[in-house]
């Protein structure tokens, strides 16, 4: 067991993102993470070196520290701790400054602050849009959407819409394909009309069964037969619509969202 | 104007996060970003160098490329393009491997894949929880929440709850303080009972007015007087509850969420 600290003078989101990415290269590593945002005084830095020492004593090996720290004095204190220190930010600032011919501001906490109010507002609006257009409640809003997701109940539409909204400011709506649609036969009207920005989400039947079972234990809705039938019929609709289909069994919402973003952007360009 | 490419063989989320962080140090830089995930073949890399050249010709200056690329051959092709190339990942993998005594897997796309199903499921469950417990619909679920946010209508509760769920897998519910609560006087019961994990969100009246005005133009609800009164009365409740108050006017959902996460974690420890 090894302790890993993610350290920053502000949110630490960058340190955490890069740290996790790097650690994902070492499958067999067993680690416990400690998230340390807002280390913005020397006193806090010193308290943290204390915790590093405690971790080293407990683990029998010095902890890893992933840091994005612009303040030289605080960084030096951290580096002095009993740890393996990786500064992820400082190393690139100077070369980049040279290339750009602009001195860095050295202001901390810029990465995730509201530096561009218009794009921040766009993201918040997109979140509200996703909330108001979840679960097919407003197909009349599809024309105002950037993206529409469809799929059977519990195929991952809602989390993906929210991720697209929060991260990319995309106005994402979704439409669940239900028994009613199957019974009516044919393709649901709202989907045909927004085909050009429509994505189908699918999922393996066994995984779907587990998810539905947790929601409504012992129900017909959660039976494997019903899950298989729902997926088969939904996939038939996707084929007829000739839309991109993404499988949420093995792909995370980050991966699914990236595929969708890429497809949307390439249509815009 | 300068073009900035965020490039990766998988989602590119890490490249984008670090790239944005670094660029936020250069306030005056005017740039256009191009998001290039899934550059996982040599053909795609070559097509991208073509786009780099086009950007250089158009802008009159070579583009910046922020890359997280594990494949040596693809990286070499990209580096050969007309660009200023910053590899954000490779530089740390070998030293980290040395420190850990573990060879890197060199498998791409690990950063944002479902590598730990249990923590991924926890995040998805938390998103569903946030959706089902938005807007005070289920105060009886507060005991099952990790965090409860409160504040007046449009103070930023919903986006923050969703962010906490998506990123940290926290079960976040929220409770809007309304006219009804004010009329009843006293502190709403559901809030008193969950005081230990409760956070108050506030916002400047003028900002609130703008947001509400967009939602219900010309309404009493959106008037400045009403916004000021709502905020004043909500803040009086926060004071009586002695809870942490966060202002969403100037802080992003990432910053607010980090403060909340830190407070929650420090209570757990």
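The values are calculated or read from the model by the stated rules, or taken from the named source; none is laboratory data. All values reported here derive from a predicted model rather than from experimental measurement. Cβ: placed from backbone, ideal geometry, glycine included. Neighbour counts: every protein chain shown.
Here are a few things to note about the model shown:
- Restricted to the stretch A:143-187, and to residues there that are free of Cβ contacts under 8 Å to residues at least 24 places away in the same chain and assigned to a loop (DSSP other than H, G, I, E, B), the residue that is surrounded by the most Cβ atoms within 10 Å (Cβ to Cβ) is A:186.
- Entry remark, the stretch A:102-127: residues being more than 7 Å from every other protein chain (Cβ to nearest Cβ), buried (at least 17 other Cβ atoms within 10 Å of the Cβ) and within 19 Å of the chain's Cα centre (by Cα) number 2 in total.
- Tally of residues being in a strand (DSSP E or B) and loosely packed, with under 15 Cβ neighbours inside 10 Å across the stretch A:198-215: 0
- Any hit, the stretch A:189-201, residues being more than 30 Å from residue A:112 (Cβ to Cβ) and either at pLDDT 95 or above or under 20 Å from the mean Cα position of the chain (by Cα) (or both): yes
- Filtered by the rule that a residue be within 11 Å of another protein chain (Cβ to nearest Cβ) and either outside any loop (DSSP other than H, G, I, E, B) or within 29 Å of residue A:185 (Cβ to Cβ) (or both), the stretch A:216-259 gives A:248, A:249, A:253, A:254, A:255, A:256, A:257, A:258, A:259.
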